[in-house]
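Trainee: Below is the structure I would like to discuss, written out as structure tokens.
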Amino acid sequence: MDELSYGSIVVGVDGSAASLAALRWAADQAAALRSPLVAVHAWLPTARLRAPYAPAAGLRTAEQDLSRAAETLEETVARLLRTDRDARVHALVDQGPPVAVLLRHARHALLLALGRSPREEAAQPALGAVAREVARRAPCPVVTVPEPPREARPGELPWLLPQMTA
């Protein structure tokens, strides 16, 4: 783990559009700096998150959770490679809480990139809970990459951006 992360650009991937934006940005930076790019997806067995009295029917096994985590990471990396065929990505699925996993892989990294989803309301914090905690405790610089605005669908009003006036 440390050998792969040493001098690399680490990016947290959770399958969201924001994490894909972070992966694309990190791939460009890794190419420019000639550094390894490490995409990390943290996962936890969902059975641990259930109350002991919850019905067992329908619970996923740890193997199913791991498989789902690997699929999420593989799909996100595949989406990057569709637009950047030259990108070289080391994809890692690691078990543990997201903050702990990201900090562990960032220990010897040049930087850590995370996606940032748009806020729905002005009262919401600019960063999510994981990104805030990682940024506070990271041993390397942390870059948050905003999710690109989505395209308006037919019948929807496009996102309106505030107008700047001089």
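Since every read-out is calculated from the coordinates, none of them should be taken as a lab result. Note that the coordinates shown come from a computational prediction; the quantities given were computed from them, not determined experimentally. Positions of Cβ are generated from backbone atoms using ideal geometry, with glycine treated the same way; all protein chains shown enter the neighbour counts.
Trainee: Please arrange R116, R132 by how many other C-beta atoms lie within 10 Å of their C-beta, fewest to most.
Mentor: Lowest to highest Cβ neighbour count: R132, R116.
Trainee: Sticking with this structure for a sec: Neighbour counts of other C-beta atoms within 10 Å: give me W43, W25 arranged from fewest to most.
Mentor: The fewest-first ordering by Cβ neighbours comes to W25, W43.
Trainee: Ranked by Cβ crowding within 10 angstrom, fewest neighbours first, how are T76, T61, T144 ordered?
Mentor: Arranged by neighbour count, lowest to highest, T76, T61, T144 become T61, T144, T76.
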